[in-house]
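Report on one structure; see the data block that follows.
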Amino acid sequence: MQAVVVNGFGGPERVELVRVPVPRPEAGQVRIRVVAAGLNPVDAGVRAGIFGGAGQRLGLGWDVAGEIDETGPGVTGWNRGDRVVGLHHGTVKPLGTHAGYAVLDATAVAAAPAHADDPAAAALPLAGLTAARAVAQLGLAPGASVLVTGAAGVVGGLAVQLAARAGLVVTALAGPGDEELVRSLGAAAFVPRGGAPAGPVDGVLDAAVLGGAALARVRDGGVYVGLIPHHAPAAERGIRVEEQEVAADGELLARLVSLVEEGALTLRVADVFPLAEAAKAHERLATPGVRGRIILTP
């Protein structure tokens, strides 16, 4: 099969399309014939060497939408031909989901949303799980105020929707041209990038990784949730500082799929590229203002 890998660190020029053996599922795993796979900022980080793995061939891709092709020993509840989505967790791995087939733990997949096409479905796993876990970590009661930075991005936009659904009063911080978008996702107020909310908020979900600048908007005793491990600012003024670290979770992913099917979550796709143009997709990912997930298709 074809697979997208990097054999050395650098820019999009390091992305390679190679031929490798089709992987086989082991006990507790399923093999998915990949129909669509999301390209995430974490893939650019792997390509750049942020997560290590020097001297190794590294596979790219975390999100996947496709069909179950084979099940490993001990797997129940999944059958060949089932349409699924899943998260292939891990930064340093020989193969990811940017390939013809991907092997995932059976507990990392969920039935795909029935009325979403495969590119849209592939935009859900990593961003959706990240946003859902971050909103839960806020621990705020309905009626509390929350500032979501990077609210027009893929993760930020899902966080706005999930926070509003949880009854939180959302202020969205995004680019000056994004107000209509973020309000359509459920934001009650809008702050252009570089601005500040009218007053301190109960919590911040920092999808834009602003760090201390976002923490400064939280009231004394409030909460800050960052999305990148080991990058949160130091706690101050009694503020609880949390760091979200995504994990493969088929049960939570299934709940998010249900929200998509209810029309409560909007999935956004910016561009679709074939695997053969993976390097171009990485160049597109680096373009400012991308509003939606970039998708690769075998």
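The values are calculated or read from the model by the stated rules, or taken from the named source; none is laboratory data. Here the structure is a predicted model, which means the values were calculated and not measured. Note that each Cβ is placed from the backbone with ideal geometry, even for glycine, and that neighbours are counted across all protein chains shown. Please note that ligands, DNA and RNA were not included when accessible areas were found on the heavy atoms of the full protein model with its side chains. Shrake-Rupley method; radii C 1.70, N 1.55, O 1.52, S 1.80 Å.
Summary table
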{"item": "Crossing angle, helix 250-262 versus the chain [Cα axis fit, 0-90 degrees, rounded to tens]", "result": "70 degrees"}
{"item": "Label-point separation, Ala48 to Ala114 (7 Å along Cα→Cβ), nm", "result": "4.2 nm"}
{"item": "Debye, to nearest 20: dipole size of the chain, +1 on Lys, Arg Cβ, -1 on Asp, Glu Cβ", "result": "300 debye"}
{"item": "Computed label-point distance, nm, for sites Val241 and Glu261 using a 7 Å Cα→Cβ extension", "result": "4.1 nm"}
{"item": "Among beta bridges that DSSP assigns inside the chain, antiparallel share in %, nearest 5", "result": "55 percent"}
{"item": "Å² of accessible area per residue within the chain, as computed with a 1.4 Å probe and no ligands counted", "result": "41 Å²"}
{"item": "Positive-end extreme of charge dipole, the chain - chosen from Leu296, Val18, Pro142 (charges on Cβ)", "result": "Val18"}
{"item": "Span from the the range 221-236 Cα centroid across to the the range 1-15 one, whole angstrom", "result": "33 Å"}
{"item": "Inter-site label distance for Glu13 and Glu277 at 7 Å from Cα along Cβ, in nm", "result": "2.1 nm"}
{"item": "Percent accessible area from carbon and sulfur atoms, the range 158-298, protein chains only, probe 1.4 Å", "result": "50 percent"}
{"item": "Probe 1.4 Å - accessible area at Arg255, Å² to nearest ten", "result": "140 Å²"}
{"item": "Whole-number D in µm²/s for the range 49-168 (Stokes-Einstein; Kirkwood sum over Cα pairs; 10 °C, 1.306 mPa s)", "result": "98 µm²/s"}
{"item": "Reduced Cα scattering model of the range 111-178, Debye log10 I(q)/I(0), q = 0.17 Å⁻¹", "result": "-0.63"}
{"item": "Helical contribution to [θ] at 222 nm, DSSP H n ≥ 4, -39,500 (n - 2.57), averaged over the chain, rounded to 500", "result": "-6500 deg cm²/dmol"}
{"item": "Sum of side-chain charges, Val135 neighbourhood, beta-carbon under 12 Å (Lys, Arg +1; Asp, Glu -1)", "result": "+1"}
{"item": "Compactness of the chain, expressed as Rg and Dmax over alpha-carbon positions, Å", "result": "19.0, 57"}
{"item": "Summed side-chain charge close to Arg80 - residues other than Arg80 whose Cβ falls under 9 Å, Lys, Arg +1, Asp, Glu -1", "result": "-4"}
{"item": "Crossing angle, helix 154-165 versus the chain [Cα axis fit, 0-90 degrees, rounded to tens]", "result": "60 degrees"}
{"item": "Förster-model FRET efficiency, 41 Å R0, Val92 and Asp220, C-beta, rounded to 0.05", "result": "0.55"}
{"item": "Extension gain, Arg165 back to Ala136 (0.36 nm per residue minus Cα-Cα distance, nm)", "result": "9.2 nm"}
{"item": "Value of Rg to Rh for the range 147-293 (Rh from inverse mean 1/r over Cα pairs, i.e. Kirkwood)", "result": "0.98"}
{"item": "Environment charge of Ala54, counting only residues whose C-beta is closer than 15 Å and scoring Lys/Arg +1, Asp/Glu -1", "result": "+4"}
